[in-house]
1. Taking R0 as 22 Å, what FRET efficiency do you get between B:TRP197 and A:ALA63 from their Cβ-Cβ distance, rounded to the nearest 0.05?
2. What is the average number of partner chain Cβ atoms found within 10 Å of a Cβ in B:221-232?
3. Would you mind getting me the FRET efficiency between B:GLU213 and A:GLN35? Use the beta-carbon distance for r and R0 = 41 Å, nearest 0.05.
Amino acid sequence: MGAAMAAIGGLAQLAAEYERADEQRRQEILDQADQHYRAYKESLGGLPAALQQNDRAADAAAAALGA
Amino acid sequence: MTLHQLLAGGGLLAISLLVAALPYPGRPDSFWASFLLVLGRLAPLRFSDSPGTLHLPGTAQPPPDPWQRLQSQLALAAPLAPPELREHLLRMGVAVAQRLPGLVPGAALNAMEQLRLAAEKCPLPGELLAALRDIDATLREAQALPPRSVPWPAALALLLVLALGPLACVRPLDQARQQFTAALQVTTAAQTRLKTWDAQHQLDLVSAAEKREVAVKALAAYRDQRRRVEQLARDTEAVMDEAADQLLLSDQPAALDAAQRAQLAASRFRAAVQALMGGGG
C-alpha cells in the first residue's frame, strides 16, 4: 500500500509539474502575441507620417526640377 | 485511511489482477506490450523474482526486463515527437537497451542531451518537453540504482509521456494565438518594407521624369495606387483589433475564426504591398 501511495504521489507530482510547464508555455504564447500586436500598432501608427514625409521629400525633389 | 486512499488502493489492486489475467504480449515492441508493461509497473502485487508482473497459476509470464521495457516505451514515444527528434529518441532507446549488461547509462544521457539540443532548434510541444525532462531525471536516478533493479519511476514518467503524447500538440486557442502572431509579423514587415521602398521609389520617379510636370503627374498616379494600399492597411487594422480583443483578452472559441481572418487580412495586405512594389507605380 505504501508503494501504491508513493506511486500516486509521484504521479501527482509529475502532473503538477506538467501543469506548471503547460501554463508557462501558454503564457509565453500569449505574451508573444501581445508583444507583436503592440509592435504592429506602433508600426501602423507611424505609417501615415512616414508616407507623408516621403511625399514631402519627393515633392521637394520634383520642385527642384526644371519646367 | 480516507475513502480516497481506499479507492486508490483498490484501484491499484484491480490493476494487479488485470495484469495477471492479461496474456503476455508476443512482440515486445508492440503498443500492446508497452501498455501492458506500464500497467504492470503500476501493479502493487509483485513477485520478487519478476518485479512488475504478477504470476498466478496458468499465467506464467516471463519476467520482462525493465530496461527492455524502457526501450520499448521510448520507441513508442518517438512517433509523438517531431521528425527531427525521432532519431534522437530512438538512439536513446538503443542506449537504454545497452544498459542491459549493467553498463552505466551514460549513452542514454548523452542521447537525452542531444535531444535537448535538437529541441532548441525546432518547436517541441511544451507537454512533451516536460515529460522528456522527467525521463531525463529518471535516467539520472537510474544511474544510482544497482544493475537490473527496477527503475519504476521511469515507468511512471513514461506513462506520463504516453498519456500526454496524444495531447502533445498545441491547443487550438494557443495555435490561434500563434497564427495571430504570425499574421502580425507579416503585416508589420510589409508596412516596414512599404515605408522604405516608398521613399526611394518616389525619388526614382522624380529622377526618371526629368521635368517637373512629368514628375508631378507620375507622383500623383503612383499615390493613387498607394492610396488603395493605405486603405487596406486601415481595413487590416480593424481585423487585427478585433482578433486582439478575441485572442488576447478572452478565451472564447470564436477566437479561432478571428485568427484565421487576421491571417487572411495579413496575406491580402502583403500581396497588395508586393503588387504595388512590383507594379512600380
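Every number in this text was worked out from the coordinates using simple rules, so none of it is lab data. None of these values were measured; they are calculated from a predicted model. Here the Cβ positions follow ideal geometry from the backbone for every residue, glycine too, while neighbour counts run over all protein chains shown.
1. Numbers: r = 22 Å, r/R0 = 1.02.
The pair B:TRP197/A:ALA63 has a calculated efficiency of 0.45.
2. So the per-residue partner count for this stretch is 1.
3. 0.30
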